[in-house]
Every structure is written in C-alpha cells, then in structure tokens.
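Scroll down for the structure; my scribbles are underneath it.
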C-alpha cells in the first residue's frame, strides 16, 4: 500500500471497484437539519487522528479539508459541516476508547 504525505493512505488506494463499493463507503451525518451522505467518512476520521493532538481547531480544519477531497461542501455550509464532523469524530473516538481501540 502506498502512503501519502504524513504516512496516510493516498486516494489511489481508496478507489472503489464499483458503484456498490462506493455506496458502502458512505456514512450519514446530520448537518444543518439534513441527513447528508459523506463519502469516505471512516477513512477521513482515521486520517484526521494524525492531527488530533494539535488541538480542536486543527482537528476541525483537517476534518473539513479531508471531507472536501471526496465530497462537495457548499461554502455557506462549511461551519455546519465542521461542527457535525467534529461531533461525529468525538463520538467515534469515545466509542473506540470504550472498546480499548486507539483514539485521541
């Protein structure tokens, strides 16, 4: 597997084999009162762990930056996306700690 800058996986490693595989990579978040499908959310959360120790502001920026690689984010909704992504990340990180899985 190729690694990108910072040791993360590159997008080349994430190309789905078919539409069904791409659909399986979507997760839903509640953003601005709407249920929005986010592609590659699990991988985004994994990759964002690298900056989690840099503080909340850095983590929020990185989550939004990574989401924009695979998803369209309307500029007026960026703050709502950032809030939902951060809340989702914290929820997932908390569940990981409960199970003894790494998380920051």
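So which pairs qualify, if the first residue must be in the range 67-79 and in contact (Cβ under 8 Å) with a residue 24 or more places away in the chain and on the phi > 0 side of the Ramachandran plot, the second must be surrounded by fewer than 13 Cβ atoms within 10 Å (Cβ to Cβ) and not in a loop (DSSP other than H, G, I, E, B), the Cβ gap must be under 7 Å, and the two must be at least 6 apart or on different chains?
none
So in the range 28-59, with the set limited to residues that are in contact with a strand residue (DSSP E or B) (Cβ under 9 Å, 6 or more places away or on another chain) and surrounded by fewer than 17 Cβ atoms within 10 Å (Cβ to Cβ), which one is nearest to residue 73 (Cα to Cα)?
Looking at residues that are in contact with a strand residue (DSSP E or B) (Cβ under 9 Å, 6 or more places away or on another chain) and surrounded by fewer than 17 Cβ atoms within 10 Å (Cβ to Cβ), I get 37.
Let's see how each residue does on (1) modelled with pLDDT under 95; (2) under 12 Å from the mean Cα position of the chain (by Cα):
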residue	(1), (2)
24	yes, no
28	yes, yes
60	no, yes
65	no, yes
68	no, yes
72	no, no
82	no, yes
85	no, yes
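The values are calculated or read from the model by the stated rules, or taken from the named source; none is laboratory data. Treat the numbers as computed from the prediction; the structure is a model and nothing was measured. All Cβ positions, even for glycine, are placed from backbone atoms using ideal geometry, and neighbour counts span all protein chains on display.
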